[in-house]
Every structure is written in C-alpha cells, then in structure tokens.
Amino acid sequence: MARAKTAYVCNDCGADYAKWQGRCDACGAWNTLSEVRLGPAAATAGSTARRQGYAGSLSEVTTLADIDLGSVPRIGTGVEEFDRVLGGGLVPGSAVLIGGHPGAGKSTLLLQVLCTLAQRMKALYVTGEESLQQVAMRARRLDLPVDNLQLLSETSVENICAAAEQHKPQLMVADSIQVMHVADIASAPGGVAQVRESAAQMIRYAKQSNTALILVGHVTKDGTLAGPKVLEHMIDCSIMLEGSGDSRFRTLRGTKNRFGAINELGVFAMTERGLKEVKNPSAIFLSRSDEPAAGSVVMVVWEGTRPILVEIQALVDDSSLGNPRRLAVGLDQNRLAMLLAVLHRHGGLQVGDQDVFVNVVGGVKVVETSADLALLLSIVSSLRDRPLPHDLVVFGEVGLSGEIRPVPSGQERLYEAAKHGFRRAIVPLANAPRKKPKGMAVVGVKTLAEALAAI
Ligand code: TYD
Ligand code: MG
C-alpha cells in the first residue's frame, strides 16, 4: 500500500522506477524515463490486477487434454486478407492492436470491417478522434451498410466500459488508444501511464465479458507504437498497417499473434472507395513491360504462408567517382556489398569501378536471403547489357564461398511461378524437385559459377 504517488516509467520498455535515473536498467536506453503521477486507486488497482490476473475468482488447475477447443470460435471478418493475418478471424475475449502511421487507413479498414460484421453481430465503434458525423459521412461515401453499427464518441475509458456494459457488443473497436484516458491518472492522454492503464482497463473488460476488442494505435516518428513496448505484453495480437504515402498499396503484417503465425502478409489497395483487398499480390509487383530488359530478374519471396513474385532491377554503370556508389532500395545494403565481393571472387566479374544500383519494384521490402541469387544475376545482366529470358524465375541463397544454398519451400515457390506463366527456373540444386511443375525447365545449381554458366 505504501506506494509512491510518482513513478518514472521507461518509454521504451515500460519498466517503472521510484526515482529518476538517466538510463533504464531494464532495456539500457538513455533518457527515456518520464514522470507519471499515480492516483492511489490506480496504483493499487493496477498492481492487484496484475497479481491476480483477469479472473477475479480463484482458478482451477486442469490438464491440457481436458480443455475444450470447440469453445474458442473464430469470428470471420469477411475481409479475407485481414482474417489471414489474424490467423483465421477474431477470437472472442482477445485484444488486437492495429498500428500504423496516421493516414495509413486504420480507421477506414476498421469501419469497413465493422459495418459488414454489424449485419450479423453486435458491434460498437468507439471513436475518440473523429466526430460521429465524420464517421457517418465516410461510411456513406464508401457505400457501406450503415443500419446496424453502434457508434460512440467518447474518450473516457470508464464511460466506454459503462456503455459497453449496457449494450453488450460482441466486437468493440477503440479508435485510438492515444486519446483514451482514465480518471485516476493525472497525466495527459497519449502518455505512457495513460495508454497503459486505459488499455489495461479495456482489455480487462474484454476478457471478463468475452468481447473481441480492437485497439488502434498510431506509430511515432521512430516507427514504434506509441508508448512502444508498454502495450505489447497485454495484447494478444499486434498488427501493423504499413505503406508509403506515395504508393496506394498497404500491407497488413502481424508482429505478435497468440492465436496464429506471424509474418503473414495481407495486401490492400487504397482506392477512392476505401481499402480493397488484393487477392493476387504477385500481379501488382510484377507489372512488367513485354520487352525483356537488361538488369531485370523475377524472383519468388516467401511471405508468411505464401509465395510472392517480385521483380528486382539492377543498374551497373561506369563510375565517375573514386569511390563508386552502391545503393540498394528494398534490400539490405550490407548484403549487397557482401554479394558483390562474392561475385568478384567466385564469379570472376569485376565491378570495383562501377556504380551499382538495385531496386525491388513496387516498394516491397525483401528481408529473405533467397533474393541473393536473383540479385547477382540481375547485376550480371546489367553489367553485360544482356537481357535475361522473360519467362525466367530465380531464387536461392548465396554463401561466402560461392555456393548456392537451398531455401525453405522451394517446391511451392516453383509452383507459384509456374502458375504465373514462367517456364524456366534457376534454383539451388537441393530445391530442384523430382517432380517438376508441368512445362517448366528447372536448372538446379550448386555454385555461383554454375548459375552464371546457366544464363
Ligand atoms: P484513415 O483511415 O483516417 O487513416 P488512419 O485512421 O490510419 O489515420 O485515412 C486514410 C487515408 O486514406 C486518408 O488520408 C484519405 C485516404 N482515403 C482514400 O484515399 N480513399 C477513401 O475511400 C478513404 C476513406 C480514405
Ligand atoms: Mg484514424
């Protein structure tokens, strides 16, 4: 009970301290502690809730086999890309956090989902940022079914929980967590203490009433969710809606999911009629001209549970600088430098006096090492100014001794390429399947030299 009324909370990891200090002992970050004032009620309520868990009553011990999985139904949202990222739909009593930059389309996506879902279940949309008129105007403009959705314009968590208590929605959205506040805490909304306590109270309500809760969070300048790590341990599922302002494509990616796999990718396009699902992402990242061009190679990357075809472009040109430029967009810069060294040493090609630019078309970010071989072949193609065949697809990891290493799910990647009309493939030998996709010539290679010979 004798708890200080002032605490210092680390903005990065959420650890709290009784006294201010320059460095957070928990995560090692400097100058991230900020002062929060705790009301006595909040201090005790918060800590007892943490100690007891969410159920107020004493829980019983059961064996794993006795747990009835049939009692965990999934609520399909009707938006397939969203469901996929969630791992098959929303789970009642779970809390999902959707993060993204302002203007990414979080409110638009959730309004679309809720309007459709409200036709078959009780849904409540709590908006703290926009007025009811603004939400209604958007729903009209997007031509959404507007009759059943319940709306609430409110920022006080106590009032929101009271309203939810009364209307008993099965699905509730709070847009956004940064404007919500609880009365017990004196600091401003958006601060670490407010965000943490507001989320904790709403999540406690969701668990007790078995409501599916979706929280919206804006990301800060440095790309982390506001009050960064403070929310991550409380929620069941964390999803990011990403997309650069100049591109109309938005990707939805899970970063934490207690009910499914992460790194699933959902792709949307922002149109004048709201967010539209992109069912076949390979098609948008692959919009190529019909003329084969030097320096362009198509590769297959693995995103979550599905393969996506992406085009990679390279431009190699005589450098006028003493220190030639190496620039990678959508790929790791250091990996490019490393691969160029491998190309010189094991492929015998000299690019030391050339500028090298590489780009992944469509603004995709490729983090997989399966892009290595495609990257090197596109560089060679540009260096020699010789286009590669239009129906060629390439993937594989390149090791430092010039060996080509296998990548996971080789077979699925080949079938995806075959589906899109590719007829030739250069892949790691271990990935070359015994049963080849129909009409496709697959060349398995063990070393970089073999790959270069193959083209
Ligand atoms: P919004 O969903 O409000 O973003 P967030 O809630 O993530 O901050 O708005 C997304 C942006 O999308 C907004 O700047 C305008 C644009 N937009 C469209 O291009 N078409 C549309 O149909 C809608 C509703 C929004
Ligand atoms: Mg919004």
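Counted over the chain with a bin width of 20 Å, the fraction of Cα pairs per bin, in whole percents, is 22, 44, 30, 5. Candidate cross-link partners of K279 among the aspartates and glutamates, defined by an alpha-carbon separation under 19 Å and a same-chain spacing of 8 or more, comprise E80, E81, D83, E242, E264, E303, E311, E412, E416. Computed from backbone phi, the HN-Hα couplings of segment 321-336 come to 9, x, 10, x, 8, 10, 10, 10, 10, x, 9, 7, 4, 5, 5, 4 Hz, rounded to whole numbers (Karplus: 6.51 cos²θ - 1.76 cosθ + 1.60, θ = phi - 60°; Gly and Pro given as x). The Cα atoms of segment 283-454 define a convex hull whose projected area, averaged across directions, is 9.2 nm².
Label-to-label distance for L321 and L429 is 4.0 nm, based on points extended 7 Å past Cα in the beta-carbon direction. Rolling a 1.4 angstrom probe over the protein heavy atoms with all chains in place gives the chain an accessible area of 48 Å² per residue.
Fully extended, how many nm does the chain gain between A26 and A341 (0.36 nm per residue separation, minus their Cα-Cα distance)?
Details: separation 315, 0.36 × 315 = 113.40 nm, distance 3.96 nm.
Full extension of this stretch gives 109.4 nm more.
Which whole-number percent of Cα pairs in segment 111-255 have a distance greater than 28 Å? Cα-Cα pairs in segment 111-255 separated by more than 28 Å: 18 percent. Here the Karplus relation 6.51 cos²θ - 1.76 cosθ + 1.60, evaluated at θ = phi - 60°, turns the backbone of segment 368-384 into coupling constants of 7, 6, 5, 7, 3, 5, 4, 4, 5, 5, 5, 5, 4, 4, 6, 4, 8 Hz, with x for every Gly and Pro.
Summarising the amide proton neighbourhood of F395: residues at separation of 5 or more, or on other chains, whose placed amide H is nearer than 5 Å comprise I426.
I'd like the FRET efficiency for E60 and K276, computed as 1/(1 + (r/R0)^6) with the beta carbon distance as r and R0 of 51 Å, rounded to 0.05. It would help to have the intermediate numbers written out before the result.
Details: r = 48 Å, r/R0 = 0.93.
The calculated FRET efficiency here is 0.60.
I'd like the carbon and sulfur percentage of the solvent accessible area for the chain, probe radius 1.4 Å, heavy atoms only, ligands and nucleic acids excluded.
Values: 11260 of 21780 Å².
Of the solvent-accessible surface of the chain, carbon and sulfur hold 52 percent.
Close amide H partners of V329, meaning residues 5 or more places away or on another chain with modelled amide H under 5 Å apart, are V358, N359, V360.
Evaluate E = 1/(1 + (r/R0)^6) for Q133 and E35, where r is the Cβ-Cβ distance and R0 equals 45 Å; express this FRET efficiency to the nearest 0.05. Once rounded, the FRET efficiency stands at 0.75. Modelled label positions at D147 and A188, each set 7 Å beyond Cα in the direction of Cβ, lie 4.5 nm from each other.
Taking each DSSP H run with n ≥ 4 as -39500 (n - 2.57) and averaging over every residue of the chain yields -8000 deg cm²/dmol at 222 nm. Checking the cross-link pairs K256/K365; K5/K207; K122/K207 against a 22 Å limit on the alpha carbon distance flags K5/K207 as lying beyond it.
The magnitude of the dipole of the chain, with charges of +1 and -1 set on the Cβ of Lys/Arg and Asp/Glu and taken from the Cα centre, is near 560 debye. Within the full protein context, the accessible area of Y17 is estimated at about 40 Å² for a probe radius of 1.4 Å.
Taken one residue at a time, the phi angles of segment 202-211 give Karplus couplings (6.51, -1.76, 1.60, θ = phi - 60°) of 5, 5, 4, 4, 4, 5, 5, 9, 6, 8 Hz. Gly and Pro are set to x. With a 1.4 Å probe rolled over the protein heavy atoms of all chains, the accessible area of F259, F82 falls in the order F259, F82, largest first. Note on H167: accessible area approximately 70 square angstrom, rounded to 10, probe 1.4 Å, nucleic acids and ligands left out.
Within segment 74-279, antiparallel bridges make up roughly 40 percent of the DSSP beta bridges whose residues both belong there.
Put simply, the amide H of E303, placed in the peptide plane, has neighbours under 5 Å in I308, leaving out anything fewer than 5 places away on its chain.
The values are calculated or read from the model by the stated rules, or taken from the named source; none is laboratory data. The structure displayed is predicted, hence computed values, not measured ones. Glycine also receives a Cβ, built like all others from the backbone with ideal geometry; neighbour counts cover every protein chain displayed. Heads up: the accessible areas ignore ligands, DNA and RNA and are worked out on the full protein's heavy atoms, side chains in. Shrake-Rupley method; radii C 1.70, N 1.55, O 1.52, S 1.80 Å.
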